[in-house]
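Report on the structure given below.
The values are calculated or read from the model by the stated rules, or taken from the named source; none is laboratory data. From a predicted model like this one, the values you see are computed outputs, not experimental measurements. Here the Cβ positions follow ideal geometry from the backbone for every residue, glycine too, while neighbour counts run over all protein chains shown. Only protein heavy atoms, including side chains, enter the accessible area calculation; ligands, DNA and RNA are left aside. Shrake-Rupley method; radii C 1.70, N 1.55, O 1.52, S 1.80 Å.
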Amino acid sequence: MTLQTPYYLIDKASLLRNMEKIARVREKSGAKALLALKCFATWSVFDFMRQYMDGTTSSSLYEVRLGHERFGGETHAYSVAYADYEIDEVVSHADKIIFNTIGQMERFEDRAGNIARGLRLNPGISSSSFDLADPARPFSRLGEWDAGKVEKVMDRISGFMIHNNCENSDFSLFDRMLSQIEEKFGSLLGRAQWVSLGGGIHFTGDDYPLDAFCERLKAFADRFGIQVYLEPGEASITRSTTLEVSVLDTLFNGKQLAIVDSSIEAHMLDLLIYRESARVAPNEGPHRYMVCGKSCLAGDIFGEFDFPAELKIGDRISIQDAAGYTMVKKNWFNGVKMPAIAIRELDGSINVVREFSFADYEQSLS
Ligand SMILES: *Cc1c(COP(=O)(O)O)cnc(C)c1O
């Protein structure tokens, strides 16, 4: 039986490649690795990922609850701001809570008395080339900047979270920024028991110098006598998942166009937000097409790709890298059929773990 498109296809063998690198970093550096749920929360593969990672980190009550209930292990709670009505439930699901500001910590520390408490620090430097995703952008609300202010509350917290990398595949840049953090926050780190260095480090990439990375993490941990955590999101699931679509129509309007049974706005929104093209592999051949979504948004375009043959109605296209910031952002714009979720097991068999129906669309509003 061939599966009805559209569907996201998670390939466990590809996921395993990332997981084994994460396991190696844990072993060689002593750092712990927590999956960042805001990037990827498809819990059907958590049983698999749990064997290679220590737990999860979160950005909201729902994420921390999902991490606790579906992943287990160590569960870090973080949020830009907690509300009164959610803090008790957040604490009930977490073994560490990281406050974004001293103000939030002072407001809620009594209600988080029985778990480890930490603060987010903002070193004011980042590797992001997008203002939108730059935690160190001017006037950033993400974390405390002033070491002197944090010094005064050191007796009330045991650790820190610093997330300042963004899609950083350059080890020397990571290394330099970590040195700047050591300089700026060294006295605080020396008094802490743990620090999370956040996500955004693309250490599962093909050419990443994994050994140098592990040594750097270990030297950092040893210098301050501290447990290091990493919070890989994209690095955990990169290149593990495709969005499988079919061609519904082709036309020529100055360019060859192909319309598929999916929508970049609804099913790969992150690409649209960052104005990036989707990717198709191998993207080779004499026939170039602009692959377009079926929503009525004029700019619902996945990108322009090369194909070995002319596209015909019913042809399948695999859009690459459809896991990170993609499945978590899918939405019901235009009422486009929601992609199912399928998993290719290590033995090659494919299981559909979730299909969505009209009822899901209807129940997403009232
Ligand atoms: C987004 C985020 C992550 C994950 O980032 P990736 O780039 O997906 O690795 C980790 N920690 C924090 C605090 C984040 O905001």
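Against the definition (touching a Lys or Arg at 6+ places or on another chain (Cβ under 7 Å), over 17 Å from Met105 (Cα atoms) and open to solvent by 40 Å² or more (accessible area, probe 1.4 Å)), how does Asp170 come out, yes or no? No: the conditions fail for Asp170. Take Val91 and tell me if it is within 14 Å of the ligand (Cβ to nearest atom), at negative phi and either more than 16 Å from the chain's Cα centre (by Cα) or outside the structural domain of Phe108 (by the TED database) (or both). No. Is it the case that the stretch 115-123 has a residue that's of a type in the set (Gly, Ala, Ser) and either within 26 Å of the chain's Cα centre (by Cα) or at pLDDT below 95 (or both)? Yes - at least one qualifying residue is present in the stretch 115-123. On the given criteria, is Ala13 away from the ligand (no atom under 14 Å from the Cβ) and either in a loop (DSSP other than H, G, I, E, B) or over 29 Å from Phe356 (Cα atoms) (or both)? It is false that Ala13 is away from the ligand (no atom under 14 Å from the Cβ) and either in a loop (DSSP other than H, G, I, E, B) or over 29 Å from Phe356 (Cα atoms) (or both). Determine if the stretch 21-28 includes at least one residue that is within 22 Å of Thr242 (Cα to Cα), touching a residue at least 60 places away in the same chain (Cβ under 8 Å), within 14 Å of the ligand (Cβ to nearest atom) and open to solvent by 30 Å² or more (accessible area, probe 1.4 Å). For the stretch 21-28, residues within 22 Å of Thr242 (Cα to Cα), touching a residue at least 60 places away in the same chain (Cβ under 8 Å), within 14 Å of the ligand (Cβ to nearest atom) and open to solvent by 30 Å² or more (accessible area, probe 1.4 Å): present. Answer yes if at least one residue in the stretch 242-258 is within 16 Å of the ligand (Cβ to nearest atom) and either open to solvent by less than 20 Å² (accessible area, probe 1.4 Å) or not acidic (Asp, Glu) (or both), and no otherwise. No - not one qualifying residue is present in the stretch 242-258. The condition of being more than 30 Å from Thr204 (Cβ to Cβ) and exposed (fewer than 15 other Cβ atoms within 10 Å of the Cβ) does not hold for Asp131. Once the stretch 253-267 is narrowed to residues that are assigned to a loop (DSSP other than H, G, I, E, B) and not acidic (Asp, Glu), the residue that is farthest from Lys294 (Cα to Cα) is Gly254. Of all the residues in the stretch 211-241, those that are open to solvent by 10 Å² or more (accessible area, probe 1.4 Å) and either touching a helix residue (DSSP H, G or I) at 6+ places or on another chain (Cβ under 9 Å) or assigned to a loop (DSSP other than H, G, I, E, B) (or both) number 14. Of the residues making up the stretch 310-317, at least one is in a strand (DSSP E or B) and under 14 Å from His267 (Cβ atoms). Pairing residues of the stretch 159-188 that are farther than 20 Å from Ser128 by Cα with residues that are of a type in the set (Val, Ile, Thr) and buried (at least 18 other Cβ atoms within 10 Å of the Cβ), at Cβ distances under 7 Å and at least 6 apart in sequence or on separate chains, gives Gly159/Val195; Phe160/Val195; Leu188/Val150. Identify the single condition in (1) farther than 18 Å from Ile201 by Cα; (2) open to solvent by less than 30 Å² (accessible area, probe 1.4 Å) that Ala81 does not satisfy, given that it satisfies every other one. So the condition that Ala81 fails would be (2). The residues of the stretch 84-98 that are out of contact with any Lys or Arg (no Cβ under 7 Å at 6 or more places or on another chain) and either crowded, with 19+ Cβ neighbours inside 10 Å or not in a helix (DSSP H, G or I) (or both), listed by number, are Asp84, Tyr85, Glu86, Val90, Ala94, Asp95, Lys96. Restricting attention to the stretch 179-199 and to residues that are open to solvent by less than 20 Å² (accessible area, probe 1.4 Å) and among the small types (Gly, Ala, Ser), the residue that is farthest from Ile125 (Cα to Cα) turns out to be Ala192. Being outside any helix (DSSP H, G or I) and not acidic (Asp, Glu), is that true of even one residue in the stretch 170-183? Looking for residues that are outside any helix (DSSP H, G or I) and not acidic (Asp, Glu), one finds none in the stretch 170-183, hence no.
Within the stretch 36-65, the set of residues being in a helix (DSSP H, G or I), in contact (Cβ under 8 Å) with a residue 40 or more places away in the chain and either within 14 Å of the ligand (Cβ to nearest atom) or open to solvent by less than 20 Å² (accessible area, probe 1.4 Å) (or both) comprises Val45, Met49.
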